[in-house]
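The values are calculated or read from the model by the stated rules, or taken from the named source; none is laboratory data. Quick caveat: nothing in here was measured; it's all calculated off a predicted structure. Neighbour counts run over all protein chains shown; Cβ positions are idealised from the backbone, glycine included.
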Amino acid sequence: MNTRETGTETLRMSRRRRAKGGFSLPEILVAIVIGAGLVVAAMTFAFSMGELWGNGSEARLFDQHVRGVTRFLENVLQQARPPPVEAESSIQAGSAQTAEQSIVWQAPRGRPGAGVRDQLLTFELPESPGVFAWPERPLPFVVCALRVDPREGLFLQWKSRLEIDFADTAPREMRLSPFVTGLTYYYYDDDENNPSWEERSDPKQTTPQVLEVPRRIRLTFTYEDVTREVNLMLPGVANGVPVY
């Protein structure tokens, strides 16, 4: 057998051994590097998509929450009615209540010595909304009040005027939203020469003991770096006032 034939036979035997014995070390290293790169790329894509989806989902849920709270308040405020005649004597002095007015300022019950600045926007519902957790059957003539704590959110205080301890005990309280960080008051000046809106972060005081009921309010919802603002007209106060 000549040298050429010997070399050819050696090459064939080497190929057969390599086919039987698997990949060579350089080939395995190259495969590992390529595989690792694909895994890293796939994981990076998955995490980035998860982050984007999570952020988008949180924003959508936050917007749904804002809309839900807004619809609930709009519905509740539209049901607000002036208190019954027999209850008018129990309205605290300084609230400037009129027979037609369904939203008033009142000091919170169960807090002796509360001042004029402690008063809350208060209204009465002829029937109980289903969200109120009554210990027994729901009662009518539910007196409600809105309270905002910038750190804790928006609360709705409520209690039926028919309950025995109505006048002496603090009302129940339900948190409507933990994301409400601000309450702004809007007053309308209907001066025929220069009608305008006045925006205030605190209620307007007409006398040392009387707060003026705003025509509308604005709630500010905040979640991380996302802020939403909604405006609510107060019934019985905004008659004939333009909405803008």
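A few points about this structure:
- Taken as a whole, the condition of being within 29 Å of GLU58 (Cβ to Cβ) and of a type in the set (Asp, Glu) applies to ASP149.
- Checking each residue in the range 228-244 for being at pLDDT 90 or above and exposed (fewer than 13 other Cβ atoms within 10 Å of the Cβ) picks out only GLU229.
- Leading residue by the ranking (nearest to PRO203 (Cα to Cα)) among those in the range 122-136 that are of a type in the set (D, E, K, R) and out of contact with any Ser or Thr (no Cβ under 9 Å at 6 or more places or on another chain): GLU127
- In the range 136-163, the residues that are modelled with pLDDT of 95 or more form Cβ pairs under 6 Å with partners that are surrounded by 13 or more Cβ atoms within 10 Å (Cβ to Cβ) and part of a loop (DSSP other than H, G, I, E, B), at six or more places apart or across chains, as follows: GLY153/PRO178.
- Test result for THR206, of a type in the set (S, T, N, Q), touching an Asp or Glu at 6+ places or on another chain (Cβ under 9 Å) and more than 28 Å from ARG60 (Cα to Cα): yes
- Selection within the range 148-183 - part of a strand (DSSP E or B), β-branched (Val, Ile, Thr) and over 15 Å from GLN119 (Cα atoms): VAL180, THR181
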